[in-house]
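Input: a single structure, listed below in structure tokens.
Nothing in this text is a laboratory measurement; each read-out follows from the coordinates by a stated rule. Quick caveat, the model's predicted, so the values are computed rather than measured. Here the Cβ positions follow ideal geometry from the backbone for every residue, glycine too, while neighbour counts run over all protein chains shown.
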Amino acid sequence: MQNQLEIHQCDTIKNEINSLSELLLRVVEDGASIGFLPGITLDEAHEYWKSVLNPDVFLFIARVDHHLAGSIQLHLCTKPNGLHRVEIAKLMTHPDYRRQGVAKHLMKKAEEQAQALNKSLIVLDTREGDPSNLLYTSMNYQQAGKIPGYAQSASGELHATVFYYKELR
């Protein structure tokens, strides 16, 4: 990557809420399957981001030349039988920065955080057929299975989701 990529953890949403909300709108309008449908409003995006940070969630953002290029969340499992695992959620790359390694660097940062927390298992899911499937398999995530009709698109079509895992130890 020729441009300067920086990834850092967000401890507060206050200074980032506008750029994160714009990111969410752009990736959803571009077809990303991250729980939202096209037509999401800026107010809805703001409300979503206000609810993200809590003690069980790590939020990392990527900037390329000081422009928000992506984000990822690492969710801790707080159930007594799942304290060894974490979940990757809402990996987003701004359409202008795709195919430049942003998502891979965000994934690596999330994995590093999981290892620093002595977690031994990472899980995630993504819509079947999305480019993210190639990213996850290239990073040694194993497909655990899929559920048909899991997520609905704006057209009303139902899509399967694929579950992946990676053992860290």
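Between Asp65 and Lys146, what length in nm is gained on full extension when 0.36 nm per residue of separation is reduced by their alpha carbon distance?
25.4 nm
Counting other Cβ atoms within 10 Å, which trypsin sites (Lys or Arg not before Pro) in the stretch 68-167 have at most 13 and lie in a DSSP loop?
Answer in residue order: Arg99.
Mind jotting down the three principal axis lengths of the chain based on Cα atoms? Whole angstrom, largest first.
38, 36, 34
Run the simple label-point estimate for Arg26 and Glu167 please: 7 Å along Cα→C-beta, distance reported in nm.
If labels sit at Arg26 and Glu167, their model points lie 3.9 nm apart.
Applying 1/(1 + (r/R0)^6) with R0 = 30 Å to the Cβ-Cβ distance of Thr137 and Asp96, what FRET efficiency is obtained, to the nearest 0.05? The partial results should precede the final answer.
On the way: r = 25 Å, r/R0 = 0.83.
Rounded to the nearest 0.05, the efficiency is 0.75.
Which residues' amide hydrogens lie under 5 Å from the amide hydrogen of Leu91, considering only partners 5 or more residues apart or on another chain, with H built in the peptide plane?
Gln73
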